[in-house]
Every structure is written in C-alpha cells, then in structure tokens.
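Every read-out reported here was derived from the displayed coordinates using simple, explicitly stated rules and does not represent laboratory data. Quick caveat, the model's predicted, so the values are computed rather than measured. Neighbour counts run over all protein chains shown; Cβ positions are idealised from the backbone, glycine included.
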Amino acid sequence: MRILLDENITQKSIPVLRRYGHDAIHVLDRFCAGKSDEEVFQLALEEQRALVTINGKDFMVLIPPQRELPLHYGLIWLRGFQVTAKSYEKVMETIGEFLQCQGDIKNTYYAMKKQGVSYKIVQRFPKTM
C-alpha cells in the first residue's frame, strides 16, 4: 500500500512500514515543514496514498462524511496518544500488519487507539455493522 506519514510522525517509521511491503514516504520527503493540512491532503490524493496522522481532526473536515469527495485513499488517525521514540516501532508494526491484511482502505477512515500495551485500529467511517 502507498502511505504518506504526516509531519507529526517520525521519519524513522518509514523503514518499519517498508518491512511490511508498503511504499511509505514522509511529508518532508516532498515539502518543507509547515505546509497546510489541505496541501498535505492534496499530496496524498495526487500520489494515491493513505494518510497516517496524529492530527486526524484537522483532516476529518476534508473527507466524508464532512465533505463530499468522490475518492480518497484512506486516513488512519493515531488518536489519544503520541508516537514517541520508544513507541513508534510498535505503532508502525501494528499499522503495517493491519494494512497488509486489510488491503485497500480507499474512502475509509480509521482511528488507532492505545489499549494497555498494544494498539487497536477501528473503522470509523463508513460505519460497520
């Protein structure tokens, strides 16, 4: 899967995701620091990449159900915790495995939350039954 990591996630995460066969890049591979959320999201669209971010609420307004958009390539919001030097590898392994199993996440938004010593990824839109 093609993945774009937002500026708020360490670039050290890229090799972890690549171990799972993902084509991962960091926003700083394409832009200087400080680009707007709209510019970052546009990059994800242009390069057909799922976006992984800590600032999910800033991107939620750019995707359904908040905004009509015929296609986006998925959003994973790391919600309620920070990705630290100690945790980034476990966080990215969880995402790497999830995306490897899930496959396509187009037009879907997921929230990733910490549960004890592990992490859980839950589909938030579209709602699942």
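Once the GluC sites (Glu not before Pro) in DSSP loops with at most 15 neighbouring Cβ atoms within 10 Å are cut out of the chain, the longest remaining piece is 69-129. When you filter the trypsin sites (Lys or Arg not before Pro) in region 13-70 for DSSP loop state and at most 11 other Cβ atoms inside 10 Å of their Cβ, you are left with 67.
By the Stokes-Einstein formula, at 1.306 mPa s and 10 °C, the chain with its Kirkwood radius over alpha-carbon pairs has D equal to 109 µm²/s. The chymotrypsin sites (Phe, Trp or Tyr not before Pro) found in region 47-129 that occupy coil by DSSP, while having at most 14 further C-beta atoms within 10 Å, are 81.
Treating r as the C-beta distance of residue 31 and residue 71 and R0 as 35 Å, the FRET efficiency rounds to 0.95. Full extension of the segment from residue 48 to residue 104, taken as 0.36 nm per residue of separation minus the current Cα-Cα distance, would add 19.0 nm. Counted residue by residue at 0.36 nm each, then reduced by the alpha carbon distance between them, the extension gain from residue 85 to residue 125 reaches 11.4 nm.
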